[in-house]
1. State yes or no: is Gly33 closer than 27 Å to Glu6 by Cβ and free of Cβ contacts under 8 Å to residues at least 12 places away in the same chain?
2. Among the residues of region 31-47, write down those that are of a type in the set (Ser, Thr, Tyr), open to solvent by 50 Å² or more (accessible area, probe 1.4 Å) and not in a strand (DSSP E or B).
3. Please enumerate the residues belonging to region 21-38 that are in contact with a strand residue (DSSP E or B) (Cβ under 7 Å, 6 or more places away or on another chain), modelled with pLDDT of 90 or more and not basic (Lys, Arg).
4. Can you tell me how many residues in region 1-13 are over 9 Å from the mean Cα position of the chain (by Cα) and either at pLDDT below 75 or in a strand (DSSP E or B) (or both)?
Amino acid sequence: MATVPEFEFRTSSACQYNNNDPRCVEVATNIPGKVAVRSTVTGQTVEFTAEEWTDFLSGARLGEFDVAA
């Protein structure tokens, strides 16, 4: 039986993690074709295909998700 690889999360470079405010986002891209995003607060993980993640990043760069938009 093949071993299923585990996600290897890394914290966003924009995160200013501290014990008083532990809200950060961690991302794992070590499994081909998949991207996982995890909350440091809840530990919940959301998985995306590589294409979905690329589309999301493109939209974020264009400001599609800005709160003021």
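The values are calculated or read from the model by the stated rules, or taken from the named source; none is laboratory data. Since the structure is predicted, the reported quantities are computational estimates derived from the model, not experimental observations. Cβ coordinates were reconstructed from backbone atoms using ideal geometry, including for glycine residues, and neighbour counts include every protein chain displayed. In case anyone asks, the SASA skips ligands and DNA or RNA and just uses the protein heavy atoms, side chains included. Shrake-Rupley method; radii C 1.70, N 1.55, O 1.52, S 1.80 Å.
1. Numbers: closer than 27 Å to Glu6 by Cβ: yes; free of Cβ contacts under 8 Å to residues at least 12 places away in the same chain: no.
Taking the combined requirement at face value, the residue does not satisfy it.
2. Thr42
3. Of everything in region 21-38, those that are in contact with a strand residue (DSSP E or B) (Cβ under 7 Å, 6 or more places away or on another chain), modelled with pLDDT of 90 or more and not basic (Lys, Arg) turn out to be Glu26, Val27, Ala28, Thr29, Gly33, Val35, Ala36, Val37.
4. Step one: list which residues in region 1-13 are over 9 Å from the mean Cα position of the chain (by Cα), which gives 1-8, 13.
With the extra rule that they be either at pLDDT below 75 or in a strand (DSSP E or B) (or both), the set shrinks to 1-4.
Matching residues across region 1-13 total 4.
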